[in-house]
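Worksheet: one structure, shown below.
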Amino acid sequence: MNGLLIQLASPEDLNDISQIEEICFPPAEAAKKEVIAKRLVAFKDSFFVARLDNKIIGFVNGRATDSLVIHDELFYDAKPEDRVGENWCIFGLDVVPAYQNRGIAAKLMAHFIEAAKKHHKKRVLLTCKEPLVPYYEKFGFVNDGLSNSTHGGAEWYDMTLTFYTIRLFKL
């Protein structure tokens with residue numbers, strides 16, 4: 001899509017991002033504006049927006065963790081010191097409905113994955129509902145099965161994308 005720009009989000013993007021979150025997720029699953037505001041500050045290296053004609057039309061956000069799965073408390077807790085960890089987890093991938101099915105979500109995912117690699121993360125983790133498992137498998141994620149997460153009262157599946165590094169050792 002011509003003119004699409006993916007960049008780090010800023011606190012000034014809060015209103016647009018929170019409106020998109022409300023549109024894209026059911027109320028029980030959507031992050032509240034206060035939580036998004038904390039994420040924008042605490043996890044600024046892993047929060048990206050997609051802009052088209054200077055209008056935010058989607059975003060992807062997450063955080064660092066040493067956990068191998070996303071625990072529900074990670075969705076609500078946002079402290080700047082939590083920016084370390086060997087993995088990045090994705091909280092949400094949101095695209096305004098009018099712009100869906102145009103490859104924007106895929107571009108946001110690819111950008112997030114590349115950023116995780118640049119930050120020397122070992123894995124990207126996410127949870128998703130069963131119908132979205134094949135979508136994330138296209139990016140190389142593996143379905144780890146039913147999650148223990150009860151976020152929003154929904155049934156989730158744990159997904160993991162592992163980056164392999166080959167190290168050569170001199171004997």
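Describe numerically, in nm with one decimal, the distance between label points set 7 Å from Cα along Cα→Cβ at PHE139 and at LEU68.
Placing both labels 7 Å beyond Cα along the Cβ direction yields 2.1 nm.
Assuming R0 = 41 Å, what is the FRET efficiency of LEU14 and TYR164, from their Cβ-Cβ distance, to the nearest 0.05?
According to the calculation, E is roughly 0.65.
So what is the 222 nm mean residue ellipticity for the chain from helices alone, if each DSSP H run of at least 4 adds -39500 (n - 2.57) and you divide by all residues, rounding to the nearest 500 deg cm²/dmol?
Helix contribution divided over all residues of the chain: -7500 deg cm²/dmol.
Expressed in nm to one decimal, what extension gain is obtained for the pair ALA106 and GLU86 from 0.36 nm per residue of sequence separation less their Cα-Cα distance? Write out the running numbers ahead of the final one.
Working: separation 20, 0.36 × 20 = 7.20 nm, distance 2.33 nm.
In short, 4.9 nm is gained.
Grab the other residues whose beta carbon is less than 14 angstrom from that of TYR99, score K and R as +1, D and E as -1, and report the net.
My count for the surroundings of TYR99 gives +1.
Excluding ligands, DNA and RNA, what is the solvent-accessible area per residue of the chain at a probe of 1.4 Å, expressed in Å²?
That works out to 56 Å² per residue.
Assuming a viscosity of 0.890 mPa s and a temperature of 25 °C, what translational diffusion coefficient in µm² per second does Stokes-Einstein assign to the chain, Rh being the Kirkwood radius over Cα pairs?
150
Normalising by the residue count of the chain, find the relative contact order in percent from Cα pairs under 8 Å and 6+ residues apart.
20
I'd like the distance separating the alpha-carbon centroids of the range 95-164 and the range 1-21, in whole Å.
Distance between centres, Cα-based: 19 Å.
If you roll a 1.4 angstrom probe over the protein chains with everything in place, what fraction of the accessible area of the range 1-107 belongs to carbon and sulfur, to the nearest %?
52
Note down the nm distance, to one decimal, between modelled labels 7 Å out along Cα→Cβ at ALA98 and at GLU114.
In this crude label model, ALA98 to GLU114 measures out at 2.8 nm.
What's the Kirkwood radius of the range 1-83 in Å, using all Cα pairs?
13.3
Any idea which of LEU40, LEU108, ILE23 is furthest toward the positive side of the dipole for the chain, if Lys and Arg beta-carbons carry +1 and Asp and Glu beta-carbons -1?
The residue sitting most towards the positive pole is LEU108.
List the lysines whose Cα lies under 24 Å from the Cα of LYS32, skipping any in the same chain that are fewer than 8 positions away.
Within reach: LYS44, LYS55, LYS79, LYS129.
Hey, what did the range 3-99 get for relative contact order, percent, Cα under 8 Å, at least 6 apart?
Reported as a whole number, the value is 31 percent.
The values are calculated or read from the model by the stated rules, or taken from the named source; none is laboratory data. As the structure is a prediction and not an experimental result, all values here were calculated from the model. Every residue, glycine among them, receives a Cβ derived from its backbone with ideal geometry; neighbour counts consider all protein chains shown. The area values use the complete protein model at the heavy-atom level, side chains included, leaving out ligands, DNA and RNA. Shrake-Rupley method; radii C 1.70, N 1.55, O 1.52, S 1.80 Å.
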